[in-house]
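J.: To start, I am sharing the structure in question, which I have written as structure tokens.
The values are calculated or read from the model by the stated rules, or taken from the named source; none is laboratory data. All of these numbers come straight from a predicted model, not from anything done at the bench. Methodologically, a virtual Cβ is constructed for each residue, glycine included, from the backbone with ideal geometry; neighbour enumeration extends over all protein chains shown. Surface accessibility is based on the protein's heavy atoms, side chains included, excluding ligands, DNA and RNA. Shrake-Rupley method; radii C 1.70, N 1.55, O 1.52, S 1.80 Å.
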Amino acid sequence: MSRRMKAVFKSRMRHIALWSVATVVVLAVLYAAWWQVLADHWQTGIDRWTAMVAKQGWTVTTGDRTVSGFPFTMRIALPAPKAQDTAGNGWTGPATVLEISPFMPLEPRFTSHGRHTVTLAGHVPLAIDTDSVTGHLVAARGGPTSIMLQAQHVASGDVVLDGFMLDLRKLDAKPDDPNAATIAAVSEIDRLVLPEGLIPILDREVSVAHLALRLRGTIPPGPPAQSLATWRDAGGTIELDSFDLDWPPLTGAGNATLALDKNLQPELAGSVTIRGLPLLIDRMVQTGMLKPGPAVAAKVVLGLAAKEDAAGMPENKVAVTIQNRVFSIGPAKIAVVPEVKW
């Protein structure tokens, strides 16, 4: 290679190197600008959302927010999240961090751990401690479309829950059907321990529970009692499409419809295929809820109506109801449902 050719080659290589460096610098500047625009957009969006819910009677504050994480995952710290309505209902949570990928800005994740305090008007505040709460939110221009929430080791007084999952999704609206399903949800709990003696005929520990439901109708914004009454009067219900429960001595699965009565208390009607009813009857006799004679007759009737499951165990299909705040399985009254004060 001649000296002249070498000089030309070196000159071209210098130009390529300079253009490469310039391109990287321009891309870095554009990325930094995009990152800052995204951070400002999220900050503005939070402010806009809090202003919107304020018109619906809720005051939402987050504390002094900070943004960090450049150049990778954006982190927005909410040091003191709090929400309260005009009636005195509210929630105060621990410090929470939103994590947002610059490449998926409408799918933030959030994490927190510590104490949540739930306040219902006229009641003593309820403290709920958690080891961790994590979530994944998917949003669109019109607002959130789905949220996945998971919590580990939740404790409040004598109630302890090892794990909890909630998957909530917004369904497409159907203008021609005001009672169409608008929200679908799937929830699971893992090992729930209840206070001693809460329901004497059932164990303290619920091993596992799974629930899939759909909300029919739209709950309008406003004070809870007024909003729920409007939703109920328009025919709103909750369809429990399926539920599975392992709460010794009972295990079962079924479906039901949940509504609100004239006093805004829950009403439920459904059916469940259940195992363990003879053991439940024995416990009802032991606690004095049922006399021995009727207990024997009930076992005979259950035995005649029972069918065998895949494992050869007897099971019965019975009605489950909540009416006038009394929860019943078939003809057996199991427990009184606490009054809900909205």
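J.: Taking the simple approach of a point 7 Å from Cα along Cα-to-Cβ for both V118 and S328, what is their distance in nm?
T.: 2.8
J.: Let me ask something else. Using only DSSP helix segments of four residues or longer, with each worth -39500 (n - 2.57), what per-residue ellipticity at 222 nm results for the chain after dividing by its residue count and rounding to 500? List each step's numbers first, then the result.
T.: Values: 4 runs with 86 residues, N = 342.
Rounded to the nearest 500, the figure is -8500 deg cm²/dmol.
J.: Here is a follow-up. Could you do me a favour and compute the accessible area per residue for segment 242-282, 1.4 Å probe, result in Å²?
T.: Numbers: 1720 Å² over 41 residues.
In whole numbers, segment 242-282 has 42 Å² accessible per residue.
J.: If you don't mind, there's one more thing I want to ask. Counting pairs of alpha carbon atoms under 8 Å apart in space and at least six apart in sequence, what relative contact order in percent does the chain give?
T.: In percent, rounded to a whole number, it is 7.
J.: Compute the helix-to-body angle for 277-286: its Cα long axis versus the longest principal axis of the chain, expressed 0 to 90° and rounded to tens.
T.: 60
J.: Let me ask you something else. Order of 219-230, 29-40 by packing, highest average Cβ count within 10 Å first? Working shown, then result.
T.: Values: 219-230: 15.2, 29-40: 12.9.
My ranking of the peptides, most packed first, is 219-230, 29-40.
J.: So with the 1.4 Å probe, I'd like the accessible area per residue for segment 73-125, rounded to whole Å².
T.: Working: 2840 Å² over 53 residues.
For segment 73-125, the solvent-accessible area averages 54 Å² per residue.
J.: Moving on to the next point. Semi-axes of segment 109-252's equivalent ellipsoid from the Cα gyration tensor, sqrt of 5 times each eigenvalue, largest first, rounded to whole Å? Each step should come with its number before you reach the end.
T.: Values: eigenvalues 165, 78, 62 Å².
Whole-Å semi-axes of the equivalent ellipsoid: 29, 20, 18.
J.: Compute the length gained on full extension between A311 and V37: take 0.36 nm times their separation in residues and subtract their Cα-Cα distance, giving the result in nm to one decimal. Intermediate results must be reported in sequence, preceding the final value.
T.: Details: separation 274, 0.36 × 274 = 98.64 nm, distance 6.03 nm.
My answer for the length gained is 92.6 nm.
J.: Next question. Would you work out which of V326, N316, W247 lies farthest towards the positive end of the dipole of the chain, given +1 charges on the beta-carbon of Lys and Arg and -1 on that of Asp and Glu, about the Cα centre?
T.: The listed residue farthest towards the positive side: W247.
J.: Place a point 7 Å from Cα of S207 in the direction of its Cβ. Which residues in segment 290-328 have their backbone N less than 18 Å from it?
T.: Of the residues in segment 290-328, 309-316 have backbone N under 18 Å from the label point off S207.
J.: GluC sites (Glu not before Pro), restricted to segment 239-342: which are DSSP loop and have at most 13 other Cβ atoms within 10 Å? Mind showing how you got there, number by number?
T.: Numbers: sites: E239, E267, E308, E315, E339; in loops: E339.
Passing sites in segment 239-342 are E339.
J.: Something else now. Find, among the trypsin sites (Lys or Arg not before Pro) in segment 241-293, those assigned to loop by DSSP (not H, G, I, E, B) with at most 12 other beta-carbon atoms within 10 angstrom.
T.: On the way: sites: K262, R275, R283; in loops: K262.
Within segment 241-293, the qualifying trypsin sites (Lys or Arg not before Pro) (loop, at most 12 other Cβ atoms within 10 Å) are K262.
J.: Quick one: dipole size for the chain, taken about the Cα centre, charges +1 on Lys/Arg Cβ and -1 on Asp/Glu Cβ, in debye to the nearest 20. Walk me through the numbers before you get to the answer.
T.: Details: 32 positive and 31 negative charges, 383 e Å.
Rounded to the nearest 20 debye, it is 1840 debye.
J.: Using Cα-Cα distances under 8 Å and only pairs 6 or more residues apart, what relative contact order does segment 162-317 have, in percent?
T.: Details: 300 pairs, mean separation 23.7, N = 156.
Relative contact order, segment 162-317: 15 percent.
J.: Ok, one more. Tell me the label only: which of [x] 0.94; [y] 1.03; [z] 1.15 is Rg/Rh (Cα atoms, Kirkwood Rh) as calculated from this structure?
T.: Label [z] holds the value from this structure.
J.: Same structure again: Quantify, in whole percent, the carbon and sulfur part of the accessible surface of the chain (1.4 Å probe; protein heavy atoms only).
T.: C and S fraction of accessible area: 63 percent.
J.: Which entries of K82/K262; K299/K333; K55/K82; K55/K341 show an alpha-carbon separation above 20 angstrom in the structure shown?
T.: Numbers: K82/K262 32 Å; K299/K333 16 Å; K55/K82 16 Å; K55/K341 23 Å.
Distance filter (> 20 Å) returns K82/K262; K55/K341.
J.: Which FRET efficiency, nearest 0.05, do H136 and A297 yield, Cβ-Cβ r, R0 41 Å? Intermediate results must be reported in sequence, preceding the final value.
T.: Details: r = 53 Å, r/R0 = 1.28.
Between H136 and A297 the formula returns 0.20.
J.: So how far, in whole Å, is the C-alpha centre of segment 239-316 from the one of segment 37-57?
T.: Each part's Cα centre sits 48 Å from the other's.
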